[in-house]
Structures are given as C-alpha cells and as structure tokens.
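The values are calculated or read from the model by the stated rules, or taken from the named source; none is laboratory data. Since this is a predicted model, take the numbers as computed values, not measurements. Cβ: placed from backbone, ideal geometry, glycine included. Neighbour counts: every protein chain shown.
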Amino acid sequence: MERHDWVIVGSGFGGCIPALRLAQAGASVVVLERGRRNTAKDFRFSWDPRYLLTIVKALQTEDFSSFFRYGNTLGGGSVVFSGAMLRAPSEAFDALDEEGAPAWPASIDRAALDPHFDTVETMMGVRQATWDEVPKTGAVFAMLFDRMGLTCDRGRFPYEDCRQCGFCEAGCRFDRKKSLLFNYIPAAEEQGAQFRTEADVRTVAPHDGGFRVRYATSAGGAGEVWGRRVIVAANAIETPALLLRSAADLPGLSEHVGLHLNNNGDVAWYWMLPEGRFPEFVHHKGRTNAVMISYAYWAEHRISIHTGCPPPAVISGLDIHREGGLPWGLEHKRLMHSIYRNRMLGALAIGLVPGWGRVRIDGDGNAKAALPMTEGLRAYINRVVGVAKEIGEANGAEVLRTSKDGYEHADAHPLGTCRMGDDPARSVVDPLGQVHGQPGLFITDGSTLPGGTGVNPSLTIAANAERIAAHLATLGAP
Ligand SMILES: Cc1cc2nc3c(=O)[nH]c(=O)nc-3n(C[C@H](O)[C@H](O)[C@H](O)COP(=O)(O)OP(=O)(O)OC[C@H]3O[C@@H](n4cnc5c(N)ncnc54)[C@H](O)[C@@H]3O)c2cc1C
Ligand code: SF4
C-alpha cells in the first residue's frame, strides 16, 4: 500500500493549511480531495444549478426546512465563497453551548488566535476593501445605518483588482479572488505535498501502527493509502459523516460526533425600500458580498449585519414573503417587478447560537443533516427580525422574510459537529485537534469550532488550522 507520513482528507481551509506546514517540516503528505481541480478556465458566469453543482454540494435538511451548501472542488469553500474574511470578535469565545457550559476550550480565545489570523491574512492577502470597491448596494446599506446614527464599515477580503462582476460564488474567472488555489495549495505543492483530486474518502481505519484510508475515484475505481497519521478536514457536514462511516473501526469514538451542528446564527432577509428615498442601485450587481458590515448591534444582541446581493437565480428560488402576505398572481408580479432592481436590499445577520442541529448518515453512509427549529432558535430568529424591523422602520423600509415557517435562507456556514473540548466526555477532539481515544487521528476544519464565530467563519477556521498545524509540525515519528 502507498505510504505517507500524513494523509489529509479535504483541501479546503482545514486541509491545505496543515498540508503546507507539514510538508515544510519535511513530512510526506498526500491530500485526498473529492472535487475536481477547477481553475479560472472552468468557472462560468452562470447560476445554472447544473453548473454550480459541479463545484458546490447542496444538502437539504431532513425536514426540508433548510439546506447547506459547501465547496466540492480543490480548494474547498475558498473557491466558491464570497470572500469575507473577518476575525471572530473576542466575545465569540465566551459563548455557551446548548447545556449552558462554556463552548470553547479554556486555552482558545481571540488572543490565542491573533498570531494565526496574522499569518493567514498575510498568506492570502486579506485586506480591508477600499471605498472605491464598495458596490452601490453596500453604499445604500451604509445609508440605512448612517441615517440612524449607527456605524458600519468596509469588510476584509482576499481580492486583488476585483472587476465587480458579481460571480464570486460561481468561481472567479478573472483570478481576482485569491482563494487557496493561489497561496497555500501551490506553496504546499512546491514543498512536495501531493493533491489527489476526484478521490472520495469512504473510510479511515487503524492499520499497521497508522491508518488505512480508502477512497472511491470519480471513474468508478477505488484506492487506498496508509498514513502514519491522518487529518480529516472534509467540512462540518462531511467530516462527521466520514467518522460515522468508520465508527466500527474506531472504538471509543465520541457520541458527540455529528452533534452540535450550528449554522453560525445566519438569518437572511430583504428590506423593501421606500420609493425615491435612496439612490439608484441594482442589488445583485457588484460582488455577492457587497462589502459593508455593521457591528452596531453586537453589544446588545451579539450579531453582526452584512450586505448581501444574491444573484437573481438565488432570489427567484426563495420563499420571499411579507407579513400579511404578498399579493398573488399578476399583482405579485407587478410588485416584484417594481422593487426588484433597486428597492430590494439583501442583508444577513450572523450571531452566536448553540448547536441544536445534527449530522448522521443514511444506510449508504451519506450525510444527512437536521436543524430543528428549537425554542431557542425561534427566539433568536425573532430577535434578529426585530432588529431588521427596527432598522427598516427608521428608514421607511419594510422587512421581507425569506421563509414562512422554516429556517430563513442561510446555508453556507455549518460548524461544530466534531467540536474541540477540554472534557473528552463532551467533545470529539482535544484542543489540538486529536480525536479522543485515537492517537494519530486529527480534525482541523470547521467541524471543530465549538461555537459560532459572530462573523463569516472561514478566517477563524483557517487560523485554528494554522494553530493546530504549528503543533503537528513539531511531532516527530511516533
Ligand atoms: C456559497 C458560499 C459562500 C460563502 N461565503 C463565505 C464568506 O464570504 N466568508 C466566509 O468566511 N465563509 C464563507 N463561506 C463558508 C466557507 O466557505 C466555509 O466556512 C469554509 O470553506 C469551511 O472550511 P472547511 O475547511 O471546514 O471546509 P471546506 O472549505 O468545505 O473544505 C472541505 C473539502 O473537503 C472535500 N471533501 C468533502 N468530503 C470529502 C471526502 N469524503 N473525501 C475527500 N474530500 C472530501 C470538499 O470537496 C472540500 O474541498 C461560504 C460558503 C459557501 C458555500
Ligand atoms: S466580483 Fe471580483 S472576485 Fe468576484 S468573481 Fe468578479 S472579479 Fe472575481
């Protein structure tokens, strides 16, 4: 069997960061990635689901109330994300879990991650957007806050000379979004790490003092490699699924695998702006994240608020409605036509919620996700909608919600399903990412984050992966 010091599953933030650090330390590293090696020439200006599903996976929750999307391509979520890379505020690390216990290990807080935030920002070229880079949608968003005497500012992105074409979530055709394909992955390859794409890892099992990793190839074949040590970084939906598929071979695996799924407290809505009170804009032009962010409600509600300008195809798929109901038929069409271009402003709140959801596997070993509408979640959503209405009312705008009775549309930030913890009885991995009871098996992706990040999570996932990788790089042969 092919043998390596490290086998890494997944090439997103959690996978390719340790790949680089371990290869730099002289280890032999192979990364197994389910998706294809797509580059600018493969990306399209298209929201056609048949195209999007070649680079993104979408998983409906079991009760169909919501769904999750995540990258399925070399570079993982970094290739299809909207690029907002923000540091989790200090208070995020004080969050409590569903049982009221501290969610994060005592040793991990903002100060512990700051040096690793620095490293990731330097590696990826993350910087604050300039005023010239704020799309009109972001400017109108800023006006809503400004008219209330509240603040907001420009977010931070790994973008260079962005052309504002608005297709970030379909992959950047201009190579202006500096995803992991431009930094960590080529740097790791330069150091000798191999990235094997179209390799869907099915199981991990202890074998010969290390682990045997079995995968299926997209051509219908199968492969296996042996790793002295293994890192699973397949994201917060797929990592627990892989562990659960392998559970028979991993005795003592924590019962918490797959539990504590949270969606980072994302709640999305639109403001229907009054006629004539704001400058002209077309809400889906610019970037898929229209740059501006406000922490004005952080102190009171622990939420940050972001501009969204989702593409027409996404909007047309949403269950957008108005309290009291939208008109039906022709009247509805006329209303949407009159507000669609420049009176609909998308927004997303991100906040701290405990992980009430779960991931399990079906009979074929594939992931199934559930995000039940608990009392706590309903209360949180109502609180966020209250804030949206407060801002709306102050500006003569009405809130259009994105779901009638299920979860408001917000699907891109699953976290928490293999959470880190100090207590092995209540967590899946220790604070250095090692799976309890499985020396040599590690997890470094978004599944390990035990709570929400209060902002878009990728930078915190990446900094945490840098933190753990710095430790792993010091490990010699067992
Ligand atoms: C449309 C969209 C927009 C987003 N916008 C933002 C944003 O603006 N800012 C932000 O911070 N976050 C954003 N996110 C979220 C961000 O992309 C994720 O939080 C982040 O990528 C998660 O990192 P990860 O390492 O946990 O997993 P991923 O980046 O998802 O990487 C996991 C990798 O593992 C691979 N994989 C999965 N299963 C297997 C298997 N069985 N075998 C082999 N490989 C496997 C996947 O193909 C993937 O490449 C967005 C996400 C989406 C989908
Ligand atoms: S908006 Fe900018 S970063 Fe996004 S796809 Fe277009 S050029 Fe690339």
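The residue that is surrounded by the fewest Cβ atoms within 10 Å (Cβ to Cβ), among those in region 1-52 that are among the hydrophobic types (A, V, I, L, M, F, W, C) and more than 26 Å from V204 (Cβ to Cβ), is F45. Taking region 207-219 as the range and being within 29 Å of the chain's Cα centre (by Cα) and not in a strand (DSSP E or B) as the test, the residues that pass are S218, A219. Cβ-Cβ distances below 7 Å connect the following pairs, each with a first residue in region 155-180 that is on the phi > 0 side of the Ramachandran plot, a second residue that is near ligand 2 (Cβ under 6 Å from one of its atoms) and part of a loop (DSSP other than H, G, I, E, B), and a separation of six or more residues or different chains: D161/R176; Q164/R287; G166/R287. Residue check: is A236 of a type in the set (G, A, S), assigned to a loop (DSSP other than H, G, I, E, B) and surrounded by 19 or more Cβ atoms within 10 Å (Cβ to Cβ)? Considered against the rule, which asks whether it is of a type in the set (G, A, S), assigned to a loop (DSSP other than H, G, I, E, B) and surrounded by 19 or more Cβ atoms within 10 Å (Cβ to Cβ), A236 comes out as yes. Whenever a residue of region 43-70 is free of Cβ contacts under 8 Å to residues at least 24 places away in the same chain, its partners that are surrounded by fewer than 16 Cβ atoms within 10 Å (Cβ to Cβ) and of a type in the set (K, R), lying with C-beta atoms within less than 8 angstrom and at least six residues away or across chains, give the pairs T54/R36. The combined condition, being part of a helix (DSSP H, G or I), crowded, with 23+ Cβ neighbours inside 10 Å and more than 12 Å from ligand 2 (Cβ to nearest atom), is fulfilled by L181. Could you run through region 350-377 and say how many residues are out of contact with any Phe, Trp or Tyr (no Cβ under 8 Å at 6 or more places or on another chain) and not basic (K, R)? The number of residues fulfilling the criteria is 16.
One residue alone among V455, V429, V435 is free of Cβ contacts under 8 Å to residues at least 40 places away in the same chain and crowded, with 22+ Cβ neighbours inside 10 Å, and that residue is V429.
Exactly one residue out of D153, D175 is at pLDDT 95 or above, over 30 Å from G227 (Cβ atoms) and either touching a Pro at 6+ places or on another chain (Cβ under 8 Å) or away from ligand 2 (no atom under 14 Å from the Cβ) (or both), and it is D153.
Residue by residue, here is whether (1) over 18 Å from F81 (Cα atoms); (2) within 21 Å of the chain's Cα centre (by Cα) holds:
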position	(1), (2)
V429	yes, yes
P439	yes, no
G454	no, yes
S458	no, yes
A473	yes, no
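For region 127-150, the set of residues classified as away from ligand 2 (no atom under 13 Å from the Cβ) and within 30 Å of T54 (Cα to Cα) consists of R127 only. The listed residues are G265, G276, G252, G286, and the only one of them that is in contact with a strand residue (DSSP E or B) (Cβ under 6 Å, 6 or more places away or on another chain), of a type in the set (G, A, S) and assigned to a loop (DSSP other than H, G, I, E, B) turns out to be G265. Against the condition closer than 25 Å to D208 by Cα, touching a helix residue (DSSP H, G or I) at 6+ places or on another chain (Cβ under 9 Å) and charged (D, E, K, R), how does E2 come out, does it pass? So E2 fails the test.
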